[in-house]
Amino acid sequence: MTGLALIITRVGWLVTFVQIAGGCYLIYLGLSAWFSHTAKTLDGAGSPHITSAARGFRMGLIVELSNPKGIVFFVSFFAVAVPMETALWAKAVILAGVLILEIVWYGAASFLLSTRPVRAVYERFAIWIERAIGTLLAGFGLRLISEKI
C-alpha cells in the first residue's frame with residue numbers, strides 16, 4: 001500500500017493520467033452496458049453445477065482473486081485512503097473488514113438472486129437495470145475526466 005502511495009505523491013502527472021484513463025474506461029463500461037445487452041436469462045444454463053456451499057465459496061473466491069480489476073481497485077483505494085504511517089495492526093483490521101464485507105455482500109446477493117421471484121423481476125427489468133448502471137458509470141467517467149481537464 002505504501003509503495004503505490006509514494007509513487008502517486010511523487011509523480012504528479014501520473015495521477016492525472018490514471019484518472020483520465022480510468023474515466024475513459026468507465027465511459028467504455030457504461031456504453032457497453034447500454035449497447036451490448038442481449039436477452040439473458042438466469043435459468044442456470046451454461047453455469048457450473050455447484051454441489052456444496054464450500055465448493056461454491058471456493059469457486060467464487062478463485063474468480064474474485066483472479067479478477068485484476070478488483071485487486072487494482074482495492075490497491076488503488078488503500079494507497080490513497082490509508083496513510084503510510086498507519087499501524088500494521090490497523091491495516092490488518094481494515095483488510096479483515098473488507099474481507100468480511102465482501103463475503104457478506106456476495107453471499108447475500110447470490111442468495112437473494114437465486115430466489116425465483118427476484119430472478120423473475122431481474123429478468124423483466126434487466127435491460128433497464130443495465131442501462132441505469134451504464135449511465136452511472138459513464139457519468140462517473142465523465143466527471144473524472146472533467147476534473148482533470
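Just so it is clear, none of the values below were taken in a lab; they were calculated from the coordinates. In this text the structure is predicted, and so the values were computed from the model without any measurement. Don't worry about glycine lacking a Cβ; one is built from the backbone with ideal geometry, like all the others, and counts go over all protein chains shown.
Tabulated values for the structure
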item	result
Relative packing of 16-25, 83-92, which averages over residues the other C-beta atoms within 10 Å, highest first	16-25, 83-92
Burial order of peptide ranges 108-118, 54-64 (average beta-carbon count within 10 Å, highest first)	54-64, 108-118
